Amino acid sequence: MRRTHPSVFLFLIVPFGAMGGYLSVAIGYQLTQAGVGVEEVAALIAASYIPQTWKFLWAPVTDTTLSRKTWYLLAGLVSALGIFVTGAVPADAASLPLLYAAVLISNVASTFLAMATESLMVYNTPPELQGRAGGWFQAGNLGGNGLGGGAGLWLAQTLPDPWMAAAAIAVACALCCAALWFVPEPPPLARTGHYGRMLVAVLKDLWQVARSRTGILALLICFLPIGSGAATNLWAAVADDWHATANTVALVTGVFSGIVSALGCLAGGYGSDRMDRKTAYALYGLLMAVCTVAMAVAPRTETMYIVFTLIYSFIQGLTYAGFTAVVLETIGLGAAATKYNLYASLSNMPIAYMTVVDGWAHTRWGAAGLLNVEAAFGVVGIIVFIAVAMMLPRR
């Protein structure tokens, strides 16, 4: 097939990232300002990871039914509508049940958008560029997360009604469908009879990957809290601990964070192509733990909030690009959406449970507790990964 430049995947995955950023930054800030507790906000954000955690169950549908581009178009439109509904619902405690429903439905749609993008990326990326493709892909994910959250919060604070901000973000995400023009549609999977037989073939392909040494280590990475970046989900909710204003939160955790994390993704993807990709991922996770400890001991000022959240964003870009490079190296072709999403789904588990853990630690020990607990979990995860890698035989 004709290859396409990896930068195309940045634009295709932006709506996926923007949805998460809009929820965690714009909606999260509005909820806390309305008197909703940090722990409740953390639980709502963690709920958005439920479809992302279990999406591997319906990933074979993307591989075996409609074309990747068709799935992207359908999911892109539903995701944009979900962003609008999430912002149109009043951000207060009474609306939490409705927000839970909107968040869950829109995130189910976003899983199909991500699956289509990932399959297009797998089939249009040569092995020597897998790190850089992962970097561009995650630059769109994290960049969209920052820009969606920052622009969403700024627009919500500036425009007369919050629904206007949600509408603007939704339209911008829908326009990303235009990037499909620049990427070829991969050939469909070979038809092996009725749908049940095709599904069995997909599962066999998945099993062959998962049982290999590299597949096992990649699965282990998914469960361990190495470089999860969960604190990003709570920067807006805990901004008062550093006396950060709404404008600072919008700019730093939004626009600036999006740009910095995107740069981190590009650097992380390039670095992953220059060393063992699993080693690179563990190294990036260690850098994140060091950053959180340094932030915990630094003064609680708005300046320190700006400095450390941006450093954290850059390192998060490194870890996300490193993870994507590991998965692309592991899965090969075939049922690409199913295999990628087994790993992508499971990788949301540490993000979800660390978001809850971070919120719990903040409630009990404040900002320092949140940061130190996340760092401790990350270091333990790296130690476990190294121990298992040393025990598994090389074949």
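The values are calculated or read from the model by the stated rules, or taken from the named source; none is laboratory data. Everything numeric in this text was worked out from a predicted model, so none of it was measured. Counting neighbours? That spans all protein chains shown, and the Cβs are built from the backbone with ideal geometry, glycine included.
Quick look at the numbers
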read-out	value
Identity of the residue in the stretch 20-48, surrounded by 22 or more Cβ atoms within 10 Å (Cβ to Cβ) and either in contact with a strand residue (DSSP E or B) (Cβ under 8 Å, 6 or more places away or on another chain) or not hydrophobic (A, V, I, L, M, F, W, C) (or both), that ends up farthest from Gly144 (Cα to Cα)	Gln30
Set Ile386, Ile382, Ile351: member being loosely packed, with under 14 Cβ neighbours inside 10 Å and in contact (Cβ under 8 Å) with a residue 12 or more places away in the chain	Ile386
Residue within the stretch 172-187 that is out of contact with any helix residue (DSSP H, G or I) (no Cβ under 7 Å at 6 or more places or on another chain), at pLDDT 85 or above and either of a type outside the set (A, V, I, L, M, F, W, C) or not in a helix (DSSP H, G or I) (or both) present	yes
Residue pairs meeting the criteria (Cβ under 7 Å; at least 6 apart or on separate chains; first in a helix (DSSP H, G or I), in the stretch 123-142; second among the β-branched types (Val, Ile, Thr))	Ala133/Thr125; Gly134/Thr324; Phe137/Ile13; Phe137/Thr324; Gln138/Thr324; Gly140/Ile13; Gly140/Val14; Asn141/Ile13
From the options Leu370, Leu342, residue that is among the aliphatic types (A, V, I, L, M), closer than 30 Å to Pro126 by Cβ and either under 21 Å from the mean Cα position of the chain (by Cα) or modelled with pLDDT under 90 (or both)	Leu342
Residues satisfying the stated conditions in the stretch 103-131, i.e. more than 21 Å from Thr70 (Cβ to Cβ) and crowded, with 22+ Cβ neighbours inside 10 Å	Val103, Gln130, Gly131
Selection within the stretch 85-98 - crowded, with 23+ Cβ neighbours inside 10 Å and not small (Gly, Ala, Ser)	Thr86
Unique match (being over 18 Å from the mean Cα position of the chain (by Cα), farther than 25 Å from Met164 by Cα, part of a helix (DSSP H, G or I) and among the aliphatic types (A, V, I, L, M)) among Val78, Val61, Val85	Val61
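Conditions tested, residue by residue: (1) over 18 Å from Thr232 (Cβ atoms); (2) buried (at least 17 other Cβ atoms within 10 Å of the Cβ); (3) touching a residue at least 60 places away in the same chain (Cβ under 8 Å).
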position	(1), (2), (3)
Met275	yes, no, no
Thr279	yes, no, no
Cys291	no, yes, no
Met295	no, yes, yes
Arg300	yes, no, yes
Phe308	no, yes, no
Leu318	no, yes, yes
Thr330	yes, yes, yes
